[in-house]
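The structure under discussion appears below in the form of structure tokens.
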Amino acid sequence: KGQVPVMNPLQGSTIVCWGTNPMLTYSTSASNSPTQYNWSIQPYNGTILIPQSANCGIYFPNTDGTYTVTCFASNGAGPSAPVSIVVTVFERPNVTFSGNMGFCQGSSTNLSASPTISSGSSTLFYSWAPPTGLNTTSGPAVVANPSVTTNYTVSVVNGLCQYTVPLTVSVFMLPNFSVSGNTLICENDISNLVASGNLSGTSTLFYNRGPAYGLNTTTGASVSATPSVSTVYTVSVNDGT
């Protein structure tokens, strides 16, 4: 009558990061001239391609889970004993960010990484790099205050599945400016005050003065001041960011 097949171990990945390669290939072989192989997966919520061949493809669900992949071979003498491997699947997180991606030099911004994961897993680990200008390199939220525009990466780890995304924090340089004009005048006289500034990479600066008392305007680089009493004015300059 002959002998039933004797299975060799199954070959294939035992740890899966879903999203990097959703279909994985598994293979095996057996002695005594098998004529057919039979693959199965438990719990059965995956998809098996070519389940009666020595090689098969398996699509695992996009959720955290543990699955048992089993195969047995058969010939005219009957079926072999089954062999199995355990496959652990980790869902690949998707990450979005909240917080201002730009701020003026000398300030800071609060950034938060918000992962989307359907598995309900609460064990996620975060890594921010480089550490320059960050108050911490771990956890979902950081305070960033680099002195110059900096490209960061954030890695979110779920089990052995890692998702790394880039983000850029832009630092806007403060404009340099000075004010010229008479700061000492007689009553009813007029002082023309001119603010001049410069900022590398931009030619558009916006001016705002206060208080409005005694000024012909509160905007623009040049104003006429006719206060009736000594007055302290302030000038704010920005580049529109």
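The values are calculated or read from the model by the stated rules, or taken from the named source; none is laboratory data. Since this is a predicted model, take the numbers as computed values, not measurements. All Cβ positions, glycine included, derive from the backbone under ideal geometry; neighbour counts span all protein chains shown. Accessible surface areas use protein heavy atoms only, side chains included; no ligands, DNA or RNA. Shrake-Rupley method; radii C 1.70, N 1.55, O 1.52, S 1.80 Å.
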Taking the chain as a Gaussian network, where each spring joins two C-alpha atoms under 10 Å apart, which residue of Val143, Val165, Val229 fluctuates the most? Val229
So in the stretch 68-186, what percent of DSSP beta bridges are antiparallel if you round to the nearest 5? 90
Whose amide H sits under 5 Å from the amide H of Val95, counting only residues 5 or more places off or on another chain, with H placed in the peptide plane? Thr116
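If you count only protein heavy atoms with a 1.4 Å probe, what accessible area per residue comes out for the chain, rounded to a whole Å²?
Details: 13170 Å² over 241 residues.
Accessible surface, normalised per residue, equals 55 Å².
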Count the net charge of all other residues whose Cβ sits under 13 Å from the Cβ of Asn62, scoring Lys and Arg as +1 and Asp and Glu as -1. -1
Just grab the label-to-label distance for Val148 and Ser29, each label 7 Å out from Cα along the Cβ direction, in nm (one decimal). 5.8
Portion, in percent, of the accessible area of the stretch 73-225 that falls on carbon or sulfur, probe 1.4 Å: 52
Give the long-range amide H neighbours of Cys104: residues separated by 5 or more places, or on another chain, with amide H under 5 Å away, using H modelled in the peptide plane at 1.01 Å from N. Phe172
Dipole check, the chain, charges on Cβ (K,R +1; D,E -1), about Cα centroid: among Pro82, Asn45, Phe177 the Cα furthest to the positive pole belongs to Pro82
Mind checking which of Tyr213, Tyr126, Tyr163 has the largest fluctuation in a GNM of the chain, springs on alpha carbons under 10 Å? Tyr213
Identified option (computed percent of Cα pairs over 23 Å apart; candidates (1) 43; (2) 48; (3) 69): (3)
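Out of all DSSP beta bridges in the chain, what portion is antiparallel? Express it as a percent rounded to 5.
Roughly 90 percent of the DSSP beta bridges within the chain come out antiparallel.
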Quick one: which residues, 5 or more positions from Gly139 or on another chain, have an amide H under 5 Å from its amide H? H modelled 1.01 Å from N in the peptide plane, none for Pro or chain starts. Tyr126
